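The structure appears right after this line, and notes come after that.
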Amino acid sequence: MIALRAMPQSAPKARPGYKITPCGEIPQEWECVPLGSIFAERVETGYLDLPLLAVTGERGVVPRDSLNRRDSSNEDKSAYLRVLPDDIAYNTMRMWQGVAGLSAYEGIVSPAYTVCRPLDGLVPKFAPHLLKHPANIRLFHRHSQGLVDDTLNLKFPHFAKLLVALPPVAEQKKIAAVLADVDAAIGAAQQFIEHSGSVRNKTVLAQLHALKAPRISFSKIVTAIEAGKSPLCEDRPATAGEVGVLKIGAVSPRGFDPEQNKVVADESLFSPEMLVQANDLLMTRANGSPELIGLSCVVGRISQRLYLSDKTFRVSLNAQKVDKHFVDICLRSQPLRAQIETASTGGSGSMSNLSQSAILSLQMQLPSLADQHRIVSLSQSFSAAMTAEEQKLATLERVKTELARRLLTGALRVKS
């Protein structure tokens, strides 16, 4: 009998003008480099007179006092790390969520962060786009150390070994300029929405203050608080015919986002009661960004089978006493936000958590149902005026995501 020898598989061929590398197919002029060749860790401590900075997922590196949140920093800041303009600071435990940013300031950050300075060959304004590229976020998640998401961390020695695709300096500058233009348009839309939201919130609070309604504990109006599960899932949204489990971002500042889910391979892991339903009031139980802990929304129409995760609460209310839309409005107001951030647990840079008992201890003004309905109607009239701008913002964000993906893989080249 003659043994048949398997024919060796030929290596994949790159398109003209491209090459195959450990980073995938990239343009010939690009390089596949370890992050340690374009970043050096900055470990400088003892700068006690410098202002405190914070690293956020949305705004990057900002002055700590610009955030409307409680200060959870240590009194002893001798171990805090110095940050200089054009440095990158990232949350060591949240790099897998893209919590990183380019600093425009000199200041200090908690040791829970990692500070890097760009080296020759890396344009500082290009660096945050490189680190937030979805393919690299997945890389950071895969190589973070820890058993579960709450304990994952990516310290510089591991970060430095990871390979990324890097364009030449001239192309980095062009890519950064293109994405900066989109960021400017996104910023203008966000500013409009934030201003409109601020006017709405002040108007609603003025109405509540004028009513002089009594304060009541949430324990008097909440009938149940439920959470789901977060099994290991493939990191992609469920498609038609599939089921998903909510990700942390499903409850967003702009409301419920059903696209923020991960496909579930084994639906038997969940009980039917964990399915998300229209008109559910949801709250985030845990988040790496303190300003997003305890964020709420009321689910609108939902066409998919989506399950609660263990980081999302469904809060059921006594409909004879409260309108859930009114409670959602209150939960987003400054007085309740202050209570939530005070009640949440978790140190600087770590995952903040909100317990069920903390929710039950919250206090709010409770006017009559008729007055609640009137305030909801007033709030919704403001919201209707903001909808067009929110749709514009969502479009801009989708455009930026796709544009960044194509520019950072070399699928789209910037000529001028």
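The values are calculated or read from the model by the stated rules, or taken from the named source; none is laboratory data. For clarity, every value in this text was computed on a predicted model and none was experimentally measured. Positions of Cβ are generated from backbone atoms using ideal geometry, with glycine treated the same way; all protein chains shown enter the neighbour counts.
Report those strands (runs of 3 or more DSSP E) wholly inside region 195-266 carrying at least 2 residues which are closer than 19 Å to MET364 by Cβ.
Values: elements: 215-217, 222-227, 243-246, 261-264.
Per the criteria, 215-217, 222-227.
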query = Restricting to region 297-312, what's the tally of residues that are under 21 Å from ALA240 (Cβ atoms) and assigned to a strand (DSSP E or B)?
reply = 3
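Of everything in region 272-292, what is surrounded by 12 or more Cβ atoms within 10 Å (Cβ to Cβ) and assigned to a loop (DSSP other than H, G, I, E, B)? Give them in sequence order. Quick ask: steps written out before the conclusion?
Of the residues in region 272-292, the ones surrounded by 12 or more Cβ atoms within 10 Å (Cβ to Cβ) are 274-276, 280-292.
Residues satisfying the conditions are VAL276, ASP280, ARG285, GLY288, SER289.
Here are ILE340, ILE329, ILE359: which of them is among the aliphatic types (A, V, I, L, M), under 20 Å from the mean Cα position of the chain (by Cα) and within 18 Å of GLU291 (Cβ to Cβ)?
Working: ILE329 fails: under 20 Å from the mean Cα position of the chain (by Cα); ILE359 fails: under 20 Å from the mean Cα position of the chain (by Cα).
Going through ILE340, ILE329, ILE359 in turn, just one is among the aliphatic types (A, V, I, L, M), under 20 Å from the mean Cα position of the chain (by Cα) and within 18 Å of GLU291 (Cβ to Cβ): ILE340.
For every residue, the table says whether it meets (1) of a type in the set (A, V, I, L, M, F, W, C); (2) over 23 Å from SER289 (Cα atoms); (3) at pLDDT 95 or above; (4) surrounded by 12 or more Cβ atoms within 10 Å (Cβ to Cβ).
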site	(1), (2), (3), (4)
MET7	yes, yes, no, no
LYS13	no, yes, no, no
GLY24	no, yes, no, yes
CYS32	yes, yes, yes, yes
Every residue from region 218-259 that is closer than 21 Å to CYS330 by Cβ, surrounded by fewer than 16 Cβ atoms within 10 Å (Cβ to Cβ) and of a type in the set (A, V, I, L, M) = ALA224
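Checking the condition in a strand (DSSP E or B) and surrounded by 16 or more Cβ atoms within 10 Å (Cβ to Cβ), which residue from ALA176, ALA189, ALA165 passes? Can you show your working first?
Numbers: ALA176 fails: in a strand (DSSP E or B); ALA189 fails: in a strand (DSSP E or B).
One residue alone meets the criteria, ALA165.
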ask   = Taking GLY107, is it small (Gly, Ala, Ser) and surrounded by fewer than 17 Cβ atoms within 10 Å (Cβ to Cβ)?
value = no
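Being at pLDDT below 90 and not assigned by TED's automatic domain parsing to the domain that holds LYS125 narrows it down to one of ILE175, ILE193, so name that one.
Details: ILE175 fails: at pLDDT below 90.
The unique qualifying residue is ILE193.
Quick one: count up the residues across region 96-112 that are assigned to a loop (DSSP other than H, G, I, E, B) and closer than 20 Å to PHE159 by Cβ.
Counting residues in region 96-112 that are assigned to a loop (DSSP other than H, G, I, E, B) and closer than 20 Å to PHE159 by Cβ gives 6.
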Matching residues in region 49-95 - criterion: being among the hydroxyl-bearing types (Ser, Thr, Tyr) and either at pLDDT 90 or above or assigned to a loop (DSSP other than H, G, I, E, B) (or both) = SER72, SER73, SER78, TYR80, TYR90, THR92
ask   = Residues in region 123-146: is at least one closer than 20 Å to LEU403 by Cα, among the charged types (D, E, K, R), at pLDDT 90 or above and assigned to a helix (DSSP H, G or I)?
value = yes
request  = Consider only pairs whose beta carbons are under 9 Å apart and that are at least six residues apart or on different chains; among these, list those whose first residue lies in region 214-240 and is touching a residue at least 60 places away in the same chain (Cβ under 8 Å) and whose second residue is β-branched (Val, Ile, Thr) and exposed (fewer than 14 other Cβ atoms within 10 Å of the Cβ).
outcome  = SER230/VAL148
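Go through ARG42, ARG59 for me and flag whichever is in contact (Cβ under 8 Å) with a residue 60 or more places away in the chain and among the basic types (Lys, Arg). Walk me through how you get there before you give the answer.
Details: ARG59 fails: in contact (Cβ under 8 Å) with a residue 60 or more places away in the chain.
One residue alone meets the criteria, ARG42.
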ask   = Got a sec? Which of ARG301, ARG305 is in contact (Cβ under 8 Å) with a residue 40 or more places away in the chain and either closer than 23 Å to ARG236 by Cα or aromatic (Phe, Trp, Tyr) (or both)?
value = ARG305
